[in-house]
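Just so it is clear, none of the values below were taken in a lab; they were calculated from the coordinates. Just so you know, these numbers come straight off a predicted model, no measurement behind them. Here the Cβ is made from the backbone with ideal geometry for all residues, glycine too, and neighbour counts use every protein chain on show.
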């Protein structure tokens with residue numbers, strides 16, 4: 001690509017693009033979105049090696065707390081799909097969740113832990129894209 005123009009009201013990356021949460025996850029309700037994320041994750045894991053900038057990617061996992069009984073069945077269906085697709089997800093008990101995350105309350109009904117997923121600092125990724133786009 002050539003001749004890319006990026007406009008910001010202030011300095012580059014100072015708007016919402018540079019402040020995104022940068023969540024990385026594999027759990028989605030549609031199979032196509034799970035597969036897209038599965039293809040993306042290895043590139044994010046090798047980001048520093050491939051791009052040369054540390055994205056501060058921390059694979060700390062995701063934990064969903066389900067507070068309504070009516071929501072459990074949908075997550076069970078998703079969990080079955082994730083298992084079939086090789087997503088490292090599992091149901092944990094309230095006690096397990098509490099030991100993983102002390103802030104969890106006993107009244108939660110269902111939990112999920114997604115070990116390969118995490119977050120990265122979006123401003124680093126954004127800055128690196130801008131650096132690479134410059135001639």
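Of 34, 72, the sequence from fewest to most neighbouring Cβ atoms within 10 angstrom is 72, 34. Annotation: the residues 71, 10, sorted from fewest to most other C-beta atoms within 10 Å of their own C-beta, follow the order 10, 71. Ranked for footprinting exposure by Cβ neighbours inside 10 Å, fewest first, 96, 50, 68 give 68, 50, 96.
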